[in-house]
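One structure is given here, and the rest of the page talks about it.
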Amino acid sequence: MTEGQVAEFEEVISGGGLAIFPTDTVYGLGTHPDSVEGTHRLYWIKGRSPDRPAAVLFFDLERALAELPEIGLKTQAALERLLPGPITVLLPNPATRFPLACGAEPSRLGLRVPKLDEKLAKLGSVSVPILQSSANPTGETDPRSLEEVETRIRRGVDIELDAGVLPGTPSTVIDLSSYEDEGAFEVLREGALSAEVVGAQL
């Protein structure tokens, strides 16, 4: 994965194209969150119902917080403890930002900020948000390498980034919708980070 390939990846995403790319957990399928065509392509290629939500991914937490200014101070502090990391966080979305990623629940938004280790470090230069889901047909195993991504999906994208074999365990999903007012959270899916570790950080 070269700097030139990463720059091309950002260009494809910015134009509403479709990409396969590595994260700190599994390979993702992504497009620009404001691209209707790109979102339709992503959902179609996965066989995923458009009323199901996806997450919006940023490669930098400061950029994410700047794009979501409605996040309360208490929730923002929690995000700064949790992210970057192998976590998808569900947040209240009073301004209905990135509605194409929200599915049937525009009042909530999923956020991902992966931790960039040495082999993912070049992705830190990518400044655009990415509507993303795992690069597998809905309900099937998450791919930990490009070779594990179905040929049909690989043929349907505009660019692939290869970072070798990834950890392979999907992100832990945490609902922080009520955190600002109640200090409450719920682990909806335990993945790469255990519920115990999440609780200790919150």
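If R0 is 22 Å, the Cβ-Cβ spacing of Glu67 and Gln5 corresponds to a FRET efficiency of close to 0.35.
Over the stretch 67-202, what is the percentage of antiparallel beta bridges among all DSSP beta bridges, to the nearest 5? The antiparallel proportion sits near 65 percent.
A convex hull fitted to the Cα coordinates of the stretch 62-104 yields 85 cubic angstrom per residue. Once the convex hull of all Cα atoms in the stretch 73-127 is built, its volume per residue stands at 105 Å³. Each DSSP beta bridge with both residues in the stretch 17-127 is either parallel or antiparallel, and the antiparallel ones are about 75%. Taking other residues whose beta carbon is less than 12 angstrom from the beta carbon of Glu67, and scoring Lys, Arg as +1 and Asp, Glu as -1, yields -2. For the stretch 67-137, the solvent-accessible area works out to 41 Å² per residue, with a probe of 1.4 Å and every protein chain left in place.
Think of it as helices only: each DSSP H run of n ≥ 4 in the chain is worth -39500 (n - 2.57), and spread over all residues that comes to -7500 deg cm²/dmol at 222 nm. Taking a straight Cα-Cα cut-off under 17 Å and skipping sequence neighbours fewer than 8 places away in the same chain, the aspartates and glutamates within cross-link reach of Lys115 are Asp24, Asp60, Glu62, Glu80, Asp162.
Quick check: at a probe of 1.4 Å, how many percent of the accessible area of the chain sits on carbon and sulfur atoms? Of all accessible area on the chain, carbon and sulfur atoms account for 48 percent.
In the chain, Cα pairs under 8 Å separated by at least six residues give a relative contact order of 30 percent. If you take all other residues with their beta carbon under 9 Å from the beta carbon of Ser127, and give Lys and Arg +1 and Asp and Glu -1, the sum is -1.
The values are calculated or read from the model by the stated rules, or taken from the named source; none is laboratory data. If you're wondering where the values come from, they're calculated on a predicted model, not measured in any experiment. Cβ sites come from the backbone with ideal geometry, for glycine too, and all protein chains shown count toward neighbours. Quick note on the areas: whole protein, heavy atoms, side chains included, nothing else; ligands and nucleic acids left out. Shrake-Rupley method; radii C 1.70, N 1.55, O 1.52, S 1.80 Å.
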